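I am attaching a structure below and will ask some questions about it afterwards.
The numbers here are math on the coordinates, done by the rules we state, and not lab data. The structure presented is a predicted model; accordingly, all values stated were derived computationally and were not measured. Here the Cβ is made from the backbone with ideal geometry for all residues, glycine too, and neighbour counts use every protein chain on show.
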Amino acid sequence: MNVERREKLYEGKAKIVYETNRPDLIIQYFKDDATAFNALKKGTILGKGVINNRMSAALFEVLERAGVPTHYLGTLSDREMLCRRLEIIKIEAVARNIVAGSLAKRTGLEEGTIIKQPIVELYYKSDPLGDPMLNDDHVRMLRLATPAELIRIRRMTLRINAILRPHLARRGLLLVDFKLEFGRRGRKLYLGDEISPDTCRLWDSRSKERLDKDRFRRDMGGVEEAYQEVYRRLVPAGA
């Protein structure tokens, strides 16, 4: 497939999206920039873009083989991913398996508490508003998605969770929680964005050591090493 990178469409906190010579395709470029707390904290995690690109590709391939439609079409370079162009739905779906982060603050439950039945939370994808939590009525009021789409988003999120949890567990990783974004292409929904230590909380199964962006958020140190360890476990050598 002869695809050429053209004008920049959008630059976010972690990625740049480019249009191509094909109107139905885009290129995602993964940066080393890191932000937290709605970009109030900024920094750089060396090599993060390469790790997030390669890890996302590996996990998208796992999901595609399991029948989950994603925007991923191929890896173009260490930092570039070829994707289907989607109409992004401005909802972030968060699947939670273990209490951590804001869920602990909002419920008073101790971090590390197992959630017997995984839950899905919805957030409004809006940097100016700080990505506030939504319920179904808010989604309807803001016209972010139809009721049928919202049902599919929840079902797809739980299905992705059911696929990724055992896949990661076999590699010594606990999938604590993770954020997903979806987009439309016609009437079909696809998983978009990325799946990486930026968008997932990942703990070592035995030690419960944090191997994700929380190390950056909480000034714990060893951020690059944590990302590299996740990469080593999830991406086969030579991939």
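Would you mind classifying the range 5-84 by shape? Square roots of the alpha carbon gyration tensor eigenvalues, ordered a ≥ b ≥ c; an a/c under 1.5 is rounded, otherwise it is prolate if a/b is larger than b/c and oblate if not.
oblate
Pairs of Cα atoms under 8 Å, at least six residues apart: use those to get the relative contact order of the range 5-84, whole percent.
Dividing the mean separation by the residue count of the range 5-84 yields 25 percent.
Follow-up. Normalised by the residues of the chain, what does the relative contact order come to in percent, with Cα pairs under 8 Å and at least six apart?
18
Of 8/90; 8/125; 42/116; 42/105, which pairs sit farther than 29 Å apart, going by alpha carbon to alpha carbon?
42/116
Another one. Loop-only check: which trypsin sites (Lys or Arg not before Pro) in the range 78-156 are DSSP coil with at most 10 other Cβ within 10 angstrom?
143
Between the range 182-219 and the range 60-118, what is the C-alpha centre distance in whole Å?
Using only Cα atoms to place each centre, the spacing works out to 5 Å.
Right, next: How would the range 1-136 be classified by its alpha-carbon gyration tensor: rounded, prolate or oblate, with rounded meaning a/c under 1.5 and the a/b versus b/c comparison settling the rest?
Judged from the Cα gyration tensor, the range 1-136 comes out prolate (a/c at least 1.5, a/b above b/c).
Specify whether the C-alpha gyration tensor of the range 87-222 places it in the rounded, prolate or oblate class, a ≥ b ≥ c being the square roots of the eigenvalues: rounded for a/c under 1.5, otherwise prolate if a/b is larger than b/c and oblate if not.
Prolate, since a/c reaches 1.5 and a/b exceeds b/c.
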